[in-house]
Amino acid sequence: MVTAPTDSYAALRYPEFRFFVANSFLMTATLLIQEVILGYELYKMTHDPLALGLVGLAEAIPFISISLFGGHLADRREKRAILQRSLLVILLGSVILYLIFQPAFASFLTQTARLSVIYSVLALIGAAKGFYSPASSSLKPFLVPRELYLNSSTWSSSFWQAGAILGPGIAGFLYYWLGFDSTLLVIIGLFSICLLLLSFIKRHPIPVTADPQDSLLRSLKEGIRFVFKTKIILYSISLDLFSVLFGGVVAILPVFAADILHVGERGLGLLRAAPSAGALITMFALTRFPPTHNAWRNMLIAALGFGVFTIVFALSTNFLLSIFALFMTGAFDSISVIIRQTILQIFPPDHMRGRVASVNGIFVSSSNELGAFESGVLARLVGTAPSVMLGGIVTLVVVAYVYVKSKELFAVKLS
């Protein structure tokens, strides 16, 4: 059993954890600023929701392809170094994006050629995230004592969500005030600060494995097998996968902003920030009232609420109602995030955290990036609002199915 600390700020009293969450905050905000302005620029160029869906696909394919190896590497190499090298590649991708939009390059590149370069850069960033994500997840438990895992999960998720609010929230305004090119320069500067923050985290010892000479294939199989035999891990990440895969709307928000709600790029920033605002407020409440006592019941309720408010958003043509619906999807999603992150810290052994994190990362990437592709394709085929409504309905069906299959998990106590 893990006892929740009476000090709500306990994890933040560890300096390395503060640098870790500060980097997480800034990294998340910067990636999302780039995602929002690039998505809006692509929609202006193409007026095609499929172009937005392809952004998710371009990142997802290399991420999924590399993530398992990234988890294997995170279990056997120094994690901070992996983070720094991965971030350097992401920084390089932003520099390339800046260069290809300069007149000297744009003058001899057709729109098709520019799109090809953009998607190639996104693939490069996706590959780097395939190493970055498992290394980051597997480093976090080494920064605080085990009894603070729940508290650290709540705070790391809160800082992540704060970045997810700030990034989209200011992206539209930066785009409006500075323009696309200058905003990319800001992004390059922010990634450089992330590198500096990582340098303040010391090197941590590599956990000793049962067999350090295990082959790559055997190592990866071991991590996958652990996830599939540990039902609470499997069902928790599966629930997230299918809910966000079919119910996510983030990728096609530029279409809602431009063509349905008619609020432009500034409205897009508010729409994009609304789910994270709901999540952040909820997570601050969860530092006082952890959702882990009846963890599985709360997780299913959260997924149910996510699906219901996704349907509300699909039906809405009012800007304020749309923001409220997105706010509530973020609030409900944050509950499942806290529970899942706590599960992922408690159950895997130290020497397997990287591989388990990589499997989780594949599920998350599948739900986010492949969900973005699914949203773009479905919006093109049946229309934007109907595609979102269908996704919300599928989410409710998935929750009902998981409820039937996972009743034994209601007895599991995380606190």
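The values are calculated or read from the model by the stated rules, or taken from the named source; none is laboratory data. Predicted model, so just to flag it, every value in this text is computed and none were measured. Here the Cβ is made from the backbone with ideal geometry for all residues, glycine too, and neighbour counts use every protein chain on show.
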Please determine whether any residue of segment 314-334 is within 29 Å of ALA411 (Cα to Cα), surrounded by fewer than 24 Cβ atoms within 10 Å (Cβ to Cβ) and among the charged types (D, E, K, R). no
Considering residues that are of a type in the set (A, V, I, L, M, F, W, C), over 22 Å from ILE170 (Cβ atoms) and modelled with pLDDT under 85, the number found within segment 46-68 is 7
Number of positions in segment 112-126 that are closer than 17 Å to PRO49 by Cα and of a type in the set (S, T, N, Q): 2
Reported set for segment 96-128 where residues are in contact with a Phe, Trp or Tyr (Cβ under 8 Å, 6 or more places away or on another chain), of a type in the set (A, V, I, L, M) and buried (at least 17 other Cβ atoms within 10 Å of the Cβ) is ALA127
Among the residues that make up segment 94-115, is at least one of them in contact with a Lys or Arg (Cβ under 8 Å, 6 or more places away or on another chain), modelled with pLDDT of 85 or more, within 18 Å of ASN360 (Cβ to Cβ) and part of a helix (DSSP H, G or I)? no
Across segment 123-142, what is the number of residues that are hydrophobic (A, V, I, L, M, F, W, C) and out of contact with any Pro (no Cβ under 9 Å at 6 or more places or on another chain)? 3
ILE66 versus (1) over 25 Å from ILE224 (Cα atoms); (2) assigned to a helix (DSSP H, G or I): which is the lone unmet condition? (1)
Right, VAL36: in a loop (DSSP other than H, G, I, E, B), in contact (Cβ under 8 Å) with a residue 60 or more places away in the chain and buried (at least 17 other Cβ atoms within 10 Å of the Cβ) or not? no
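Based on what the data block shows, is LEU344 in contact (Cβ under 8 Å) with a residue 12 or more places away in the chain and part of a helix (DSSP H, G or I)? Quick ask: steps written out before the conclusion?
Values: in contact (Cβ under 8 Å) with a residue 12 or more places away in the chain: yes; part of a helix (DSSP H, G or I): yes.
Judged against the criteria, LEU344 is a match.
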Where residues in segment 129-157 are assigned to a helix (DSSP H, G or I) and of a type in the set (A, V, I, L, M, F, W, C), which of them is surrounded by the fewest Cβ atoms within 10 Å (Cβ to Cβ)? PHE142
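I'd like to verify a number: residues in segment 301-310 that are surrounded by fewer than 20 Cβ atoms within 10 Å (Cβ to Cβ) and farther than 15 Å from THR282 by Cα, how many?
Applying the first criterion (surrounded by fewer than 20 Cβ atoms within 10 Å (Cβ to Cβ)) to segment 301-310 yields 301, 304-305, 308.
If we keep only those that are farther than 15 Å from THR282 by Cα as well, we get 304, 308.
Residues meeting the conditions: 2.
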